[in-house]
Amino acid sequence: MRICTSLSTLFVSFVLFSSGAKAAVYEALCGGFECRVTVTPEKIISPFGVIPPNRVTSWGGAGDSSTSVGTGVATTLLLGPVGLAGFFAKNHDFDFLVSGYNEKGKKTYLQIQFKNNKSAKKFASEMFQVTGLGMGETRSADEIRRNEEGQDSDDLYSEAQKTSTFELEA
């Protein structure tokens, strides 16, 4: 009986935790406005567009973290020696650009900014997992077409290229 209870608890935990890993929602800035960005294995969603991960042509990011000297000085003046902890405050600014084709084949760009270091790192990791591209790597429109037609782009001996069933905007 105890084994059955343990197995059922393990199964329920697996289902709950694995379903949470399927989508990540980020609070960010999109085009300078607060927004919510969702990354799933099926779609990357922002207020400015939706790109399926297999249609991402490239993505990249840059940014930095800097110490907030003003906060450190102010907290030290207000709180004395305890206020020195204010010098550990950091300002984060990370920008990402995701390029690709939406579901209708139109070129789409998603500009996403994070003010939180943890969110930026998690987003970069998630993008690598769902797109299969590392930061700065590219995928051509021809590669996307071949992948969607079921041809393996790594196969040198595949049959001649078929005519595309959809159009991607150049």
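No value in this document is a laboratory result; all are computed from the given coordinates. All values reported here derive from a predicted model rather than from experimental measurement. Every residue, glycine as well, gets a Cβ built from its backbone with ideal geometry; the counts of neighbours run over all protein chains shown.
Applying a threshold of 7 Å to beta carbon distances and a minimum spacing of six or more residues, or different chains, the list of pairs starting in region 121-141 at a residue that is in contact (Cβ under 8 Å) with a residue 60 or more places away in the chain and ending at one that is part of a helix (DSSP H, G or I) reads Val130/Pro53; Thr131/Pro53; Met135/Ala124.
Give the number of residues within region 31-41 that are under 15 Å from Met127 (Cβ atoms) and in contact (Cβ under 8 Å) with a residue 40 or more places away in the chain. Counting residues in region 31-41 that are under 15 Å from Met127 (Cβ atoms) and in contact (Cβ under 8 Å) with a residue 40 or more places away in the chain gives 4.
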